[in-house]
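J.: Would you mind keeping the following structure in view while I ask a few things?
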Amino acid sequence: MVAAAAAMAEQENSRNGARNRGGVQRVEGKLRASVEKGDYYEAHQMYRTLFFRYMSQGKPAEARELVCSGALLFFSHGQNSAADLSMLVLEALEKAEVDVADELLENLAKLFSLMDPNSPERVAFVSRALKWSSGGSGKLGHPRLHQLLALTLWREQNYCESRYHFLHSADGEGCAHMLVEYSTSRGLRGEADMFVAQAVLQFLCLKNKSSALVVFTTYTQKHPSIENGPPFMQPLLNFIWFLLLAVEGGKLTVFTVLCEQYQPSLRRDPMYSEYLDRIGQLFFGVPPKQTSSYGGLLGNLLSSLMGSSEQEDGEESPGDSSPIELD
């Protein structure tokens, strides 16, 4: 009897779900017709009204699907209302406490890619999306979402922000290919080594040894201005190569001698010493300095990039989920 009752309840729920979905599809059809006729304002207001109605009825999935399809429709018509509906997608995810899934991350990345790159709405959207994708873990966002954002920004040739998101993804290979393009299209020929050195040092500051190694290996193999190595013609590349080996060994004396021997190369960028101080603390047991030699903008940059390692297991700080330029 119990099994039969459960089966009947399941069938009823299935029928109700089908009816609800059919109702959503009918409403979407009417709204789509309004948009196609150019009644953008009325359609936008109706999307909002129906969204909040579905949410109040405890139907967050239907609400999310409705505004997501509406946002895509408005984007296809070049309407700014699309950004507002995109924010409602996030609201539905947040209030329903939906588990993070690849499909949802890809949907968010799609909406991000369609937004005006210079719009303030895009900045707000990506910050909120990353916060949701962290799942309350206190990290700076899901690595997969960071990767998808990085790929979009790379296509837009926004290399600085693309690099930031690659740093917080697990895609060292993609980061390397982006940096090769960045270096060859925007950088000086004599600075090809500096592009990858910065990335490796930053990955290490985030305790991501595997991505640091992948980005270095891929970049040095693919960059047209770098001859096969190791060893390399550029001393800075040899330093990075030795550093990656030293990190695996964890011997402080090796790290200390290495930094001393390559001082001429390390003076090319004042940030290198700051990165290496942090790497010394993370991998070689070097005690932290009492005071940093940098304040202001550089101090804030280091706090954004490396403050995460103050937490146990290198977890990133929950307070900063916005893209920053890591120059």
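The values are calculated or read from the model by the stated rules, or taken from the named source; none is laboratory data. Predicted model, so just to flag it, every value in this text is computed and none were measured. Positions of Cβ are backbone-derived with ideal geometry, glycine not excepted, and every protein chain shown enters the neighbour counts. The protein model used for the area step is the full one, side chains on, heavy atoms only, and it has no ligands, DNA or RNA in it. Shrake-Rupley method; radii C 1.70, N 1.55, O 1.52, S 1.80 Å.
J.: Sticking with the crude label model, points 7 Å out along Cα→Cβ, report the distance from Leu188 to Val286 in nm, one decimal please.
T.: 2.7
J.: Along the Cα-to-Cβ line of Val100, 7 Å from the Cα, sits a label point; which residues in the range 106-133 have backbone N less than 20 Å from it?
T.: 106-113, 123-133
J.: Taking R0 as 35 Å, what's the FRET efficiency between Asn80 and Lys209 from their Cβ-Cβ distance, rounded to 0.05?
T.: The value I calculate is 0.20.
J.: Same structure again: Any idea how far apart Gln57 and Asp116 come out in nm if each label point goes 7 Å out from Cα toward Cβ?
T.: 3.4
J.: What shape does the range 175-246 have by the C-alpha gyration tensor, where a ≥ b ≥ c are the square roots of the eigenvalues, rounded means a/c under 1.5, and otherwise prolate means a/b greater than b/c and oblate the rest?
T.: In terms of gyration-tensor shape, oblate.
J.: Could you pull out the pairs from Lys59/Lys131; Lys209/Lys289; Lys95/Lys207; Lys139/Lys222; Lys110/Lys207 whose alpha carbons sit more than 27 Å apart here?
T.: Lys95/Lys207; Lys139/Lys222; Lys110/Lys207
J.: Ok, one more. Assign one of three labels to the range 65-158, namely rounded, prolate or oblate, based on the Cα gyration tensor with a ≥ b ≥ c the square roots of its eigenvalues; rounded applies when a/c is under 1.5, prolate when it is not and a/b is larger than b/c, and oblate otherwise.
T.: oblate
J.: In whole Hz and in residue order, list the ³J(HN,Hα) couplings for the range 56-72 that follow from phi through the Karplus curve 6.51 cos²θ - 1.76 cosθ + 1.60, θ = phi - 60°; x for Gly and Pro.
T.: Computed from phi, the couplings for the range 56-72 are 5, 8, x, 10, x, 5, 5, 4, 5, 4, 4, 6, 5, 5, x, 4, 4 Hz.
J.: Hey, what's the range 76-164 come to in accessible area per residue, 1.4 Å probe, Å²?
T.: Roughly 45 Å² per residue, with all protein chains present.
J.: Tell me the carbon and sulfur percent of the accessible area for the range 99-158, rounded to whole percent, probe radius 1.4 Å.
T.: C and S atoms contribute 48 percent here.
J.: Gap in Å between the Cα centre of the range 99-142 and the Cα centre of the range 150-193?
T.: Using only Cα atoms, the two centres lie 20 Å from each other.
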